[in-house]
Amino acid sequence: MGRRGIASSKLLRQLIKSGSEGNLEAFRSVSEEVIQEERAKQHHLLANDLEKILYGRPLPYRHIGENSVPSDKERGLPLLAMKEPARRLEDVILSDENRVQFDEILAEHHHEDLLRSYGMEPADKLLFCGPPGCGKTLTAEILASELGRPLAVVRIDSVVSSYLGETAANLRKVFDFASTMPMVMLFDEFDAVAKERSDSAEHGELKRVVNSVLQMMDAYQGRSILIAATNHEGILDSAVWRRFEEVLVFEPPSTEQIRNLMGIKLRGVRRDFELESTKLVELFKGTSHADIERVLRRAIMDENYPHLKISREEPVNERRPKPPPRFSPPEDPVAHAQALQGSLQRAQERADEDIGGFDERRLFRLEVQPGFNPDDIRRLAPGIELISQCLVLMSMGNDRSRTF
């Protein structure tokens, strides 16, 4: 056993002694020594589990009623989705740099009392950026899981409102909710509310929203961890970047990461190939984590349930019915109007045969050449009033034609 075994025996006696005496401070100190010893033995999974037991908090979101989650005033939709994190640290494959940053963030929050005793706070504003499918959302969930906190996913579709000033008001509700209790709050598709303000194509309301986001991030004093995730970091406002204490860049997996990911996903799966095969790994080079997992999932299904196997020789999109070709009108106004009327009548006949009713907006398409006045077309073609609104809308577009 040697020194390491003696040290373990000593720590075990101290642990039981401090626990039986109710000395919580000593119990915590000895427990931390045990965790450090397990890490020294390269028992990282055990060390992570012990840290979660020692520092973990109860999951308070189970007691949150639906009425407690803020909602959009315009439509009454909830602004957040509360989720119970189920994935663990061993479920994600991170680059060496991201893994170091992730472990540092965990350590800061496990020892937040120590940092506060020195007048410092753990990093609580993080930016995850990179292409889709490379683990940004998964890493946010795992961070919540490892810290024993709820995961709150901001619903951007509910936050962004068509009413002037309502988007900023919704964001204020979200930040206020994050201050009610410790949680991990994920702002997915963050670029929707933090786009570069110098872009001349953007309207004033979006610029005011970005100003509000910057002010709210500066003023935030809660105990939650705020994570912004984006696939388009290049269009973020330049002032947003300095609001984040840590930035994790996610990229498609390297060769070694692909091999490790396959090892995790194929654990316990019978196979006639070795994961060390360079040829196999090369097949996944350049693909995202999510794409690799999708391929492996389909392969497992095909192997175990061959009767459910779907032919993938032709893409799914190619097997869908092709839309009818667009009608190309002649240049002559009279002939154009007559052709529109003929198309209308043919659609009427088809509709009567198929469903016994007619809906010109759904059953066929019409194109109007630029420069044609819809009033002239209606005058030249009796019955064209049925689609007058469609013609008016099509003539207002900047494109060559609009299809309905």
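The values are calculated or read from the model by the stated rules, or taken from the named source; none is laboratory data. Keep in mind it's a predicted model, so treat the numbers as computed, not measured. As a convention, Cβ positions derive from the backbone with ideal geometry for all residues, glycine included, and neighbour counts pool all protein chains shown. Side chains are part of the model used for accessible areas, which takes the heavy atoms of the whole protein and leaves out ligands, DNA and RNA. Shrake-Rupley method; radii C 1.70, N 1.55, O 1.52, S 1.80 Å.
Miscellaneous remarks
- The amide H of S71, built 1.01 Å from its N in the peptide plane, has L79 as neighbours under 5 Å, considering only residues 5 or more places off or on other chains.
- Neighbours of E166, meaning other residues whose beta-carbon lies under 11 angstrom from its beta-carbon, give a summed charge of +1 when Lys and Arg score +1 and Asp and Glu score -1.
- For the range 95-141, the per residue solvent-accessible surface stands at 46 Å², with DNA, RNA and ligands left out and a 1.4 Å probe.
- Of the cross-linked pairs K195/K285; K125/K195; K41/K125; K83/K207; K136/K195; K173/K207, those separated by over 21 Å at the C-alpha level are K195/K285; K41/K125; K83/K207.
- Ligands, DNA and RNA left out, the accessible area of the range 121-273 computed with a 1.4 Å probe is 50% carbon and sulfur.
- Shape of the range 67-159, Cα gyration tensor, a/c cut at 1.5: oblate
- Remark: the range 174-276 projects, on average over all directions, an area of 10.0 nm² (convex hull of Cα atoms).
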